[in-house]
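Engineer: Before I ask anything, here is the structure I am working with.
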Amino acid sequence: MKNPFEAFHQAGVRKREIPLDKILKSKEETLSTILKGYEDLLKNEAKDLVWLMQYSTVIKAYSIAEKGIEGIEYTAEDIEEFCYALDHSDQIPYLITGPAGVYISALCNHAKEEEIYLHLRDLTVKINLLGYRLPTDKKLIVEGNVGDFTGIGLDGGEFIIEGSGKNYTGAGMKRGRIIVRHNLGFNTGHGMTGGELIVGGRIKGLGKIVGGKIYERDQLIFPHEGIKPFSF
Amino acid sequence: MKNGYYQTKIRGIYKYISDNLYLNRPDVEIKGEHFNSTLLFSLLTGINRGKELIIGEPGLGKTTSAEYVGSILYRYPLGVIWGSEVSGHPEQTEEKIIGRPHLGELNKGKERVVWSNFAQIPVKIVDEINRLPETKQSMILNGVDRGNWEYLNEILINDEYSLFATANYQDRGTNTIIAPLIDRFDVLIESRHPGSNIAYIIGKEASSNHPLRHPQYEKELHQILRGDKPYEEKMTLAEGVCNLFGDYLKEHLGLEGLNKDERNNVNEEMVEIDFDLDTNAFVRMALAELSFCHKYGQKRSVEVCEEGCHYTGYLCHHIKNCASNRLPISIRNYAQALAWFLEDDGVDIEHVRLIIPHVLAHRIQWKDSYLSKKEGEGRNDPFQIYLAKEATEEIFQRYNEQREYLLDALSVGYRAFAGEEVTPLEGDHPIYEEIKKDIGVKDEKPL
């Protein structure tokens, strides 16, 4: 009798590439390019595995990060993938939350999308420096808790944190708005000169604030009535 | 759209009928093109020599759509088509449908059959087939199926024919179409109401002379069909008149039908069109669901499977009867015809997804419990076609979920059938059981 499966002679070995395969392949390529940019940043900035949080260091790291991501075609989803790769992948030699945050901030600030949503609830580490220099017309929403120095130097963007932050949140922010659903740590808003920081939970302590407004549970806590903001 | 020689002619026919004779909305979309399903399927029936059952309310163009397609495609003047139609009614007889004794010859003691026009010409239309009593439906079984018409001791075999039958919805004057007859139809299609706006303009430009009529050629064709010559000779003569009518259509209406050689060429082109691997596997999956029974080995209309079967979620659990071997033939013929019409290189899943509901709708006998469950659902199609469309999409969804694995399973099936020592793949679908049966892994249940 004729083999009724004749047409499928080669079916097992002749895999068809479906559009999803192509998408996944291109995603993988994008992620590996982003990872390479991050590794370059680490090579420049953390040769001795120590990274000191100084404003000049952050500025330098940011400019290196900007160069690293130049020419990469990526989307907000790729940024999220990168965050998870930082946490889980063995491709990353070491995760230092400072440079990682600067690098992610650079990615967000140069992304095509105006609104970026990062689901970071499952990350085991809290990344510092997220939202650094977030420019006007950008909205960054992070689901999960973040680390220190979040939203520093915010430059007109809107940064929503669906979780809690640590110390120095909004430090040196110039304009824009940071909304934190839960709590913040010490030195919140240290050196901020403008913009709004709205916190749904509690703030452990404020830093030396120059300007702008800080709300805690719908109450304006800076500037207080009768207390003038710092002026240099 | 490409510009194949024959396809351009067929598209011209479609356009002329849809613009002038059968005004209706496009209701199907394939590969970005919109068509009216009744017209599209009637044309496909005409070019692939199929059998189509057209249902619908009275006066919605069931018969006329078939008449127009048959007349232009086969180049028979409308008067001949009308004169060859069979009407379904309780008093219908074999003598009116197939043929009668030649009374003059009979008086001389000789038996000779005068064949009806219906039995002779390649465009066969049975109007209101479900008004034929069930006992009389059996008379046309063979003719419908094979084009063999028998009367007394004579037989007339049509070498090509297309059959269009119309049926009204059930009322006091209708009968059930018997299962063997209904299975012989390739497709079921509904001639729908065109909508109030199109309905309003129908008949506005009615003229006394129908553009598809030609009294002179009609007379000549009637004379040929009535004549004493052998059938083959009559058909050759008729083809000559049809050619003249074809020239007339081309000159006056810009329409080009197909002569017999062209129709044969089209058929040869169509059968050359292959199914791609995906479509092949998808159709097998559909056939498995329509014929498999875990408990009784295969579906049988006299054996009803019970609740609690592992395959409760599959179509086999919702239907009573088994898919006949005519089903895959209908799928193949119509899918090839559609791919040919659209000038695609092969038959793909889009083609069969459009075809399958129409080849299934009249063939599936659903369980009453399933019908009760589904009858209240909102829909645009007649219940039978709606259920078949839903079923097709269900199978398609299952196919998408299991595609890679199924192709592997079929490939393993090939190797096992060829004698290689391989373990067949297990899977959660009747098709995997069928593969195992084919390669002899699963023994038939002991009696």
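Values in this text are rule-based calculations from the coordinates and carry no lab data. This structure is a prediction, so every number in the text was calculated from the model and none was measured. Here Cβ is always computed from backbone atoms with ideal geometry, including for glycine, and neighbour counts include all displayed protein chains.
Engineer: Counting partner chain Cβ atoms within 10 Å of every residue's Cβ in B:425-438, what's the average?
Structural biologist: That works out to 1 on average.
Engineer: Also, I was wondering about something else. Among all lysine pairs in the range B:277-438 that are eight or more places apart or on different chains, how many have alpha carbons less than 29 angstrom apart?
Structural biologist: Going through the range B:277-438 pair by pair, I get 27.
Engineer: How much of the DSSP bridge set in the range B:5-271 is antiparallel, in percent, rounded to the nearest 5?
Structural biologist: Just about 40 percent of them are antiparallel.
Engineer: Next up: Return the whole-Å distance between the Cα centroid of the range B:50-67 and the Cα centroid of the range B:400-442.
Structural biologist: 42
Engineer: Let me ask you something else. If I require 20 Å or longer along the helix axis, counting alpha carbons, and a Kyte-Doolittle average no lower than -1.0, what helices from chain B are left? Use full DSSP H segments.
Structural biologist: Helices meeting the span and hydropathy rule in chain B are B:231-253, B:277-291, B:326-341, B:383-417.
Engineer: Straight-line reach from A:LYS25: which lysines have Cα under 20 Å away, leaving out those fewer than 8 places along the same chain?
Structural biologist: Cross-link targets: A:LYS15, A:LYS36.
Engineer: Return the calculated 222 nm mean residue ellipticity for chain B, to the nearest 500 deg cm²/dmol, obtained by summing -39500 (n - 2.57) across DSSP H runs with n ≥ 4 and dividing by the residue count.
Structural biologist: After summing the helix terms and dividing by the residues of chain B, the value is -15000 deg cm²/dmol.
Engineer: If you put +1 on each Lys and Arg Cβ and -1 on each Asp and Glu Cβ, how big is the dipole of the range A:19-222 around its Cα centre, in Debye rounded to 20?
Structural biologist: Dipole about the Cα centre, nearest 20: 940 debye.
Engineer: Please figure out what share of the DSSP beta bridges in the protein assembly as shown is antiparallel and state it in percent, rounded to the nearest 5.
Structural biologist: Antiparallel: roughly 30 percent of the beta bridges in the protein assembly as shown.
Engineer: State the Cα centre-to-centre distance between the range B:260-325 and the range A:123-179 in whole Å.
Structural biologist: Centre-to-centre distance over Cα atoms comes out at 59 Å.
Engineer: Per-residue Cβ counts within 10 Å, from other chains only, averaged over B:273-282: what number is that?
Structural biologist: 2
Engineer: Using a Gaussian network model of chain B with C-alpha springs under 10 Å, which one of B:LYS108, B:LYS299, B:LYS367 is most mobile by mean-square fluctuation?
Structural biologist: B:LYS108
Engineer: Among the aspartates and glutamates, select those whose C-alpha is under 16 Å from the C-alpha of A:LYS27, and discard any that sit fewer than 8 residues away in the same chain.
Structural biologist: A:GLU17, A:GLU73, A:GLU77, A:ASP78, A:GLU80, A:GLU81
Engineer: While we're here: List the lysines whose Cα lies under 18 Å from the Cα of A:LYS166, skipping any in the same chain that are fewer than 8 positions away.
Structural biologist: Reachable lysines: A:LYS126, A:LYS204, A:LYS208.
Engineer: Also, quick follow-up: For the pair A:ILE141 and A:LYS2, how long in nm is the line joining their label points, each one 7 Å along Cα→Cβ?
Structural biologist: Reported label-point gap for A:ILE141 and A:LYS2 is 5.9 nm.
Engineer: Other chains' Cβ within 10 Å of B:402-411 residues: what's the mean?
Structural biologist: 4
Engineer: Pick out, from B:ALA323, B:PRO424, B:ASN333, the residue whose Cα sits farthest towards the positive end of the charge dipole of the range B:277-438, with +1 on the Cβ of Lys and Arg and -1 on the Cβ of Asp and Glu.
Structural biologist: The one lying farthest along the dipole's positive direction is B:ALA323.
Engineer: Output the peptides B:278-286, B:193-201 sorted from most to least packed, where packing is the average of other Cβ atoms within 10 Å over each peptide's residues.
Structural biologist: Per-residue Cβ counts within 10 Å, averaged per peptide and sorted highest first, yield B:278-286, B:193-201.
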